[in-house]
Amino acid sequence: SPYGSYIRGENKKVWVNESDGVTALLGEVWPGETVFPDFTNPDCTSWWVEECKLFYNVVPYDGIWIDMNEVSSFIKGSKNGCAQNDLNYPPFTPSILDKLMFSKTLCMDAVQKWGKHYDVHSLYGYSMAISTQKVIEALFPGKRSFLISRSTFVGSGKHTGHWLGDNAATWDHLKWAIPGMLDFNLFGIPYIGADICGFFDNTTEELCRRWMQVGAFYPFSRNHN
């Protein structure tokens, strides 16, 4: 059956586009072939608010957890590949995954409302949080709600909380969660936590017990093992 959210988004042209600025960029995430909402586009924010309202009418919820918004993809760049140019292959590439700017994300010459993806890549989660805050304001006017985002930027704390991402069930990761959370307070994101007991791997009774003890003092406290 037709996927209504996609059809409505396609009609409003709210996706991140290929370098031609017209063709929706196709990647791959958990559901399979995927388009990526351009949350820097005001029309996309309006579409997102309405889609979240429709979902709320089916499954009432109290808050929203947004994930994979670095933005993340399981393939390199695009189903159509990335063009050979100075955005996708800049003269200097830092020591990153596969030594490719578009590894597990979008082509750098993809087009968004705020500019080329090369220039706004780090703002994808930030713009999604702003749009999602609009959802919360529409659904829960005058009430306190809940929003956490995996990808954030300086200033995101005005709109969302954050967790430290996929950690592991190790004593070392328990230790490093503390400076990680203190760092995010410096970034203006005080509502912060780590996955208690670790996300990857099997925890042990002692590790999880100790992690629950220290995790009780996390601003955002969640066991996610």
Q: From (1) part of a loop (DSSP other than H, G, I, E, B); (2) without any contact (Cβ under 8 Å) to a residue 40 or more places away in the chain; (3) surrounded by fewer than 22 Cβ atoms within 10 Å (Cβ to Cβ), pick out the condition that doesn't hold for residue 119.
A: (1)
Q. Could you give every pair whose Cβ atoms fall below 6 Å, whose first residue belongs to the stretch 25-43 and is without any contact (Cβ under 8 Å) to a residue 24 or more places away in the chain and on the phi > 0 side of the Ramachandran plot, and whose second residue is of a type in the set (A, V, I, L, M, F, W, C) and part of a strand (DSSP E or B), counting only separations of at least 6 or pairs across chains?
A. none
Q. Counting just the residues of the stretch 142-165 that are basic (Lys, Arg) and open to solvent by 60 Å² or more (accessible area, probe 1.4 Å), which one comes out nearest to residue 193 (Cα to Cα)?
A. 158
Q | Residue tally, condition open to solvent by 20 Å² or more (accessible area, probe 1.4 Å) and part of a loop (DSSP other than H, G, I, E, B), over the stretch 1-22 | A | 9
Q: Determine whether the stretch 8-30 contains at least one residue that is farther than 22 Å from residue 118 by Cα and within 18 Å of the chain's Cα centre (by Cα).
A: yes
Q: State which residue is least open to solvent (accessible area, probe 1.4 Å) when the search covers only the stretch 166-187 and only residues that are among the polar types (S, T, N, Q) and at pLDDT 95 or above.
A: 167
Q) Is at least one residue of the stretch 125-145 within 20 Å of residue 74 (Cα to Cα) and either free of Cβ contacts under 8 Å to residues at least 40 places away in the same chain or part of a helix (DSSP H, G or I) (or both)? A) yes
Q | All positions within the stretch 162-175 that are among the aromatic types (Phe, Trp, Tyr) and under 22 Å from the mean Cα position of the chain (by Cα) | A | 163
Q: Hey, can you tell me all the residues within the stretch 146-178 that are part of a loop (DSSP other than H, G, I, E, B) and under 20 Å from residue 54 (Cβ atoms)?
A: 146
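The values are calculated or read from the model by the stated rules, or taken from the named source; none is laboratory data. All of these numbers come straight from a predicted model, not from anything done at the bench. Note that each Cβ is placed from the backbone with ideal geometry, even for glycine, and that neighbours are counted across all protein chains shown. The area values use the complete protein model at the heavy-atom level, side chains included, leaving out ligands, DNA and RNA. Shrake-Rupley method; radii C 1.70, N 1.55, O 1.52, S 1.80 Å.
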